[in-house]
Amino acid sequence: MNFLSVLLIIGLSLFLSACANSASYEGNHEFQMAKSGNVDAQYNVAMNFLNGDEGFPKDYLQAKKWFKLASEQGDSSAQNALGIIYLRGFDGQKNLGKSEYYYRLAANQNHENAQLQLALILLTKKENIKEAIYWLEKASAQGNVEAKEKLLELRK
């Protein structure tokens, strides 16, 4: 075999390998379940996109899309995740209003972290101290140490 033949074979095998791996997650059972509307699968697919796990590429826009689908079905963990995404701007779009909205949805479903995060956002708005304390008390009652510490700090 000459040098050009070897190069052609290597190039072809790299190309085929790239094609095979480019959308390997689309055949994933969980991805198929998520596409059919399974809320737990939608959350898991979103986490896979968020972290680049299980053969999924790291893709914040895809993660947000799947979290939104799960959120629309009332999944409090997905709502909390959207609160985080908008608060931190993982996709390049920080939006405190949307973060508060999604944290509030999850907090109303007794999601401990969302209750804490909502309270912390509300504390930045001086007129919402009373509501912030309410959410800190709810999170604290679930054993959230940070919420307990923040309550002690506010009551000094």
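Close lysine pairs were tallied over segment 110-156: pairs 8 or more places apart or on different chains with Cα atoms under 14 Å apart number 5.
Rounded to the nearest 10 degrees, the angle from helix 96-107 to the longest Cα principal axis of the chain is 80 degrees.
Count the net charge of all other residues whose Cβ sits under 12 Å from the Cβ of Gly97, scoring Lys and Arg as +1 and Asp and Glu as -1.
On the way: positive: Lys94, Lys98, Arg104, Lys125; negative: Glu100.
With Lys, Arg at +1 and Asp, Glu at -1, the neighbours total +3.
For segment 110-156, what does the alpha-carbon gyration tensor say about shape, rounded, prolate or oblate, given a ≥ b ≥ c as the root eigenvalues, a/c under 1.5 as rounded, and a/b over b/c as prolate? Write down the numbers at each step before the final one.
Working: a/c = 2.03, a/b = 1.25, b/c = 1.62.
Oblate, since a/c reaches 1.5 and b/c is not below a/b.
Across the chain, C-alpha contacts under 8 Å between residues 6 or more apart give a mean separation that, scaled by the residue count, equals a relative contact order of 11 percent.
Couplings 3J(HN,Hα) for segment 82-87, derived from phi with the Karplus relation 6.51 cos²θ - 1.76 cosθ + 1.60 (θ = phi - 60°), are 5, x, 5, 4, 6, 5 Hz, where x marks Gly and Pro.
Relative to a virtual label point 7 Å from the Cα of Glu149 in the Cα→beta-carbon direction, which members of segment 87-114 show backbone nitrogen distances below 16 Å? Answer for segment 87-114: 113.
Size check on segment 42-151: the Cα extents along the three principal axes, sorted descending, read 43, 26, 24 Å. To the nearest 10 degrees, how steep is helix 145-154 against the longest Cα principal axis of the chain, on a 0 to 90 scale? Approximately 40 degrees, to the nearest 10.
Computed per residue of the chain from DSSP H runs no shorter than four, each worth -39500 (n - 2.57), the mean residue ellipticity at 222 nm is -23000 deg cm²/dmol.
Bear in mind that the values in this text are calculations on the coordinates, not laboratory data. Remember, predicted model here, so these are calculated numbers, not experimental data. Methodologically, a virtual Cβ is constructed for each residue, glycine included, from the backbone with ideal geometry; neighbour enumeration extends over all protein chains shown.
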